[in-house]
Every structure is written in C-alpha cells, then in structure tokens.
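Here is the structure we will look at, set down as structure tokens.
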Amino acid sequence: MTLFRCVLTASTILAVAGSDLAGSHAHAASLSETGAAAGSPMTHKAASSGAKVQGHVGRRGGRAAGLHPARSGRGGMETASGASGSAGQAMRVQPVTGATASGGAALPAARAVQAAQQGQPSVSLAASQGLPEVVTVSALRRPVRAEDVGSSVTVVTDEQIAIQQRRTLPDILARQPGLNVVRSGGFGGTTSIFMRGANANDVKVRIDGMDVNDGSSASNAFDAGQFVTDGIGSIEILRGPQSGLYGADAMAGVIDINTKAGEGRFKPFARIEGGSYGTFNQALGASGRAGRFHYNVALSHYRIDGFHEIPRYIENENEANRAQRRAGDRNDNRSANVKLGYDVTRTFDLGLTARLIQANYHTFTSYDEMYTPYNGTQLLRDQNTQNEAVVRGTAHLSSFGGRFDQVLGLGYMTNRRRYMQDGLYADGSPAMTDPDYYRSTRLKVDWHGTLDLRKYGTVLVGAEHFHDSINVSTDDPTEPVHTSAGMDTTAGYGQYEGNWNRILYGAANVRYDANSRYGNHVTWRVAPAIHVPHTGTILKASAGSGFHAPSLYQLFVDQRGAGWGEVGNPALKAETMIGYDVGVEQKLLHDKLRFGATWYDNKVRNLIQSTGSLVASDGAYQYLYSYGNTGHARMYGVEAFLDWKALETLSFALNYTWTHARDTENHALLQRRPQHKFNFNTTWSPVKDFTLSGNILYTSGWRDYPLVGENFCPTCAKGHGYFTIDLAATYKINRYLSVFARADNLLNRQYENPVGYLQPGRAGYGGITLNY
C-alpha cells in the first residue's frame, strides 16, 4: 500500500507539472501578442527620468504595439499601495527579497500604463495570479522584461521595502544575491558594498541617472551609511561588468536607484517611529498630480543614540574603563527626496530630481579606545559631519510616433565631509581643534537617443561628459594638508538589441571613454537569452569588459606629518576586468514558482593597492604611504534563487550566493568576502489589511584586518559567520491610519562585520503611519 501511494503521488505531481508547463507555454504565447512598445512615449519617458516600469514589453505581429499615456491619470490614478510614500502601510503580498531576473505573467495594458506613469514597478498580478512580472530599465537603458535580458538583474520595489520595514539602504541591500554589505558599526557608519567578490569601488551607484560614487573618499566608492529608503521607488541591481554602457567604476556592476514618481490625487503622509538604541524617526511627504504637473516629496529625520560598537574582547585587550565600556554612538540624519515633472506636451516633458543629506555622526570606536594609556579616563569621540546634494534635470522628447526617443540630462553632485575629535587628552589639552575637510563635486551632461526599428530591433546611442574635482585640507599648522585636483571624462556609447521569433533575445554594446588623467578605454558587453519553447526554461549568458579608474585622491593626495606621509601616484593605471556568466531559469505552476542559478567568473588586472616604504628625510626616517598597480585577482561563484507564491496570501523567496575571491599572485583570499550567503524571506497576510514578514540571513566567515594581536595584515583575522532573524508586521486600521512593529536580530546574535565593529543586537521598533 505504501508503494502504491508513493507511485500515485509521483504520478500526480508529474501530471500537474506537465499541465503547468503547457499552461505556461500557452500563456507565454499570449504575452508575445500584447504589450508596450519599446519606442512608446510613456515607456521612454520612464526611462528618461530613471524610472522603472513594470508591465509586459513585447511585440504585436512583428510590430511594436504603441502604448500611449492614458490621460485619465490626471484625474486621480492611485498608486498600487493606495498612498504613495506611506512606507508603513499594509499591502498585497508579493515576494519581498527582490524580484529576480525571470519574468512571467503579463500585466493588463491599463495597469502597465499606470505603472509607467507612476515611474515604479507595479504590484498587480495578471489573470493567472502568478508572481509579478519583472521589468528592468538599467540593463539596456530602456524598459524590457528581465527574462528577455541575458544579464543578471534583481529589482527591489518600494512595496518590498515597506513590507520589510527596511529604513536604510544597507539593510535592504544586505538581503540581495551577489552582494556583501559591510558597515562599521550601526546606522551612519561607513558602509561598503561588495558585488561578486569585487572591491566596493568597482560598483557604480546611480540615483535617477546621476552617478553618485563619492569622489571625496580615497577609493571613490559609494558610502551608503547615511542613505535612507524614504522616497525610493525601486532599486535595480545589475551584476557583471557593465562599463560597456556605464563607463568607469561599473566594473563589477551597477546599483540603479529610482525615486518614486507622483501620480493621482494629492496624497500626504506622515510616519513616526521609535525603539531600541534611542531610535526616534519621523518622515512626512506628499505626492500626486495636478494637471500636467506631478510631484513626490519625502522629508525624514532619523536619530539613534546609545549604540555601543566595541566588542568585549577588544575592551579587555585595551583595559577599557567603565566610561569607555558604556560609551555609545549617536547619529542624526536629515534627508529630503524630491521628484518633480511637467508634461509640456504629449511628447515632450521636463523632470527634476533632488536628494539632500545632512548628517552628524558621533562615535567611540576601537581605535579611539586604543589610546586609553595616553588619555587616562578621558573619552575621545570622532565627529563626522556629512552634507551631500544630488540634483538632476532632464528634458525628454519622443518623435515620429515614438520611434525615436531622446533624453538630455544635466546633473550636479557635491559631497562635503568634516572629521574631527572632541574630548581631552590626559594632560587636559584638547584632542583635535582643527578639523579635516574632504570635498568633492561632479558635473555631468548626458544625452542618449533610442531608435525603434520595429521588427529589426532597437538602436541606442549616447554621449556623456563629466567634470570631477576634489579638495582635501586641514587647518592644523603642524600637519598641513591641502590637495586640490580635477579631471574631465568624455564618453560615447552605442548598443543594438533585438530578438528572433521571441526565442533568441540579445544585446551588444560598446563604449569609448577618454579621460584627461588616466587615458582612454574601450569596453564592451554582449548578453543573449534563449527561451526554450514549450518548457518555461530560459538560458542566459553574458560577457563583457570593465574598468575602474584611479581616484583623484589616489592620484594627487599629498599630506605629511611627524614620522609619516601620504602621497599620490600620478602614474596609476585603471584596473581592468574581463568577466562572463551563464545561467538557467525555470518557471512552473502557472508562473507561481520560479527558480534558477548563475555561474560567474571575473578576472581583474592592475589592482590598485596601498603601498608603504621607509624614506630618509632630514636625518630621520619617515613612513610614506602611496598607491600602486600591484595585484591581479580572480572572483568566481554561483548565485541561485527561488520565488514561490504558495497561496494568494502567502509567498516565499530565497537566494544563495557562493563566492570565491583570491589574489592570483599570492593566492590569498580577498578581504571581507564571505564564501556563503543565504537569505530566506516569507510574507503572509492571514487577514485583510494585516501583513507579516519574516527574514533569515546567514553569512559565513571571512578574512579581515585584526584590531588586536601581534600579526597585522589585511587578512590576518577571521570574521565569524552569523545569522539573524527579523520579523515585521503592519496593520492598516482604516484608510487613514496604519500601525507597524518589527523586531531585528530576534535571537540577539552578537556579531561583527567588519571585524572590530559590533552590529546591533536584539532590537524592537514600532510606530504609526497617517495617510490621506
């Protein structure tokens, strides 16, 4: 009887799977007959502003089906969540670890229009009630279904961020495949994002089309430490060398952040949140449309006070006193996110986006504690102040019935950081009276045009010009520092993208960058995708080249002190990479189940690393720091995912990343690259207007720089693996009021990441959101 039951069960499963495959094929055939054209004014309007749309992008009888803006949107279209900007609001269930690069059910045309107008991925489901379809803009610089792109891409929506109640960018990125996020302490600490084992400065980050890597830092890496999620519409994570479209610093990939667009009636919101570590957060804003003008404004103030980041073993090593063992960090963050748009005509529109950050971060770190023998019972605290502004304006024109679409953009970014210390030395003298200043600016002018050749594909051409400058200085007369430098980059790129019988999809691009400091570079990328008929199987592959430019700091810094100095190296070359990946994705159960895996392999030459030497100066020796092209590295691994919508009210999503990253010259493991990372997320709505979200994150051990001991090298310490469990709940009491609560690190795991910096233990938060 047992054997009979097993055979009967297996037969039933096979029969169901077979019918699902047939249903998926029939559904895929229906997708190919409907959808939005690549050249339609609305879809390119979304692309011009950096917006991400979600809906089917397909062909009709070999011709692009025009999707024109529905002017009914002026009369009061609602966002999918019911109130734009209400981060704490309850909503319908969907996978919440970030949509993977497999698409599925098509959205109805009306909902696709709505999603395009709102400039954000829609949460609506097709008639099959399968997983939401994923549309990417960053992969090809225009809206396309992610399953038709050979590149590996993950799309995170604002609904997913709200359900999980992730208030900061590092918190949501830490859960995505292929990424390792390292933060020195709690909210506000310096944060690095490693992608596929590459350095953090090999990842280009863009906000609404503006490049925002921090030129005031030594490495030119993006620091996400003070970046909050209020106002974000979507985040696209594009993995693999992307310099063929995005130029320098896109060597490992691109993180493209889009601000949510306003639509419909006037919708204000306000949110108040409190909890552990002295947390007190407030956010308010409004979005909507008034005639041809649409807007979204989000203002926020985040504060923590009392988080202690020093591990106990370091305190014991440094013989810390009672005051030092109780010293906590304090962070005060004020942010503003604005997106405005005006439709001059049906084919011409203007846009303006701005993100402003003002933050004060006071810390007591392991390095401060090391000076206990010199400071006695005094506390020396670091004070870091950051003022950042990112502004970009666009003009978008669609011509010839949407067949030629062009965007002109002008962007400006400035970042100003101040570092100093407060407190007294043991002798009563002030610790540091003269602050260090790190300033950078970036001006960008860009244009790109897209020509829709209908059944013959799409051609994209574009040009960009950047002017970057830095100024590093201190007023300390005993250790003077002043570095001021600038550089210009002019680039042009082109891309062809098309498909054959909706089976073979492909894109190829090439780019030329000319820089006034480090020379010229040509980069490229090809990315095919094959849809195997009647199976729901998609085969993907991509290959390309990339480069990371030396920063102005690395090229020209010049500072000296008593017994030490740091000088730039104007002869530095750019790092270069050749990389490829190949993967397979599968859809089953009427697109309620998707899973897949990707193998990647990247090789880097001319790694820029710190160097040091003893130099005789005025009869004494001085240790001189600099930079050089001294290394080669190889990074390879696997990324896998599974998304399953088990019920209309219950979904599961998981992803796994295996990374192996080594210096190929000395065979040492690269710093802060864990080999294994696993993330599991589930979302459940047991009753109407009530949503629960649970998340488990596991990260294995890694090599790191030690803060105690006798051996000091970049990989002499071992970081211990950890896992955390987070829970979040949201209940919408009525159309005006929602309440929410969450518990992070439920098991109170005490872990460091990086070594020497504790991460927050068990913490609880709660609050209310008001909408109108």
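Bear in mind these aren't lab numbers, they're just calculated from the coordinates by the rules spelled out. Every value quoted in this text rests on a predicted model; they were computed, and no experiment measured them. We place every Cβ from the backbone using ideal geometry, glycine too, and count neighbours over all the protein chains shown.
Around residue 652, with a cut-off of 10 angstrom between Cβ atoms, what is the net charge of the other residues, counting Lys and Arg +1 and Asp and Glu -1? Can you show the working numbers first?
Details: positive: 645; negative: 643.
Neighbourhood net charge equals 0.
Placing a label point 7 Å from the Cα of residue 623 along the Cα-to-Cβ direction, the residues of region 307-348 whose backbone N falls under 20 Å from that point are 318. Projecting label points 7 angstrom from Cα along Cα→Cβ for residue 451 and residue 534 puts them 4.0 nm apart.
Residues with beta-carbon under 15 Å from that of residue 165, excluding residue 165: net charge, scoring Lys, Arg +1 and Asp, Glu -1? Cβ neighbours under 15 Å give a net charge of -1. With semi-axes defined as the square roots of five times the eigenvalues of the C-alpha gyration tensor, the equivalent ellipsoid of region 575-709 measures 46, 20, 11 Å, largest first. Remark: relative contact order (region 212-321) = 18 percent; criterion is Cα-Cα distance under 8 angstrom and separation of 6 or more residues. Ordering 370, 251 by the number of other Cβ atoms within 10 Å of each residue's own Cβ, fewest first, gives 370, 251. For 626, 651, the sequence from fewest to most other C-beta atoms within 10 Å is 626, 651. The simple spin-label model puts a point 7 Å past each Cα toward its Cβ; for residue 322 and residue 292 those points are separated by 7.0 nm.
Site pair residue 482 and residue 632 shows an inter-label distance of 4.4 nm when each label is modelled 7 Å from Cα along Cα→Cβ.
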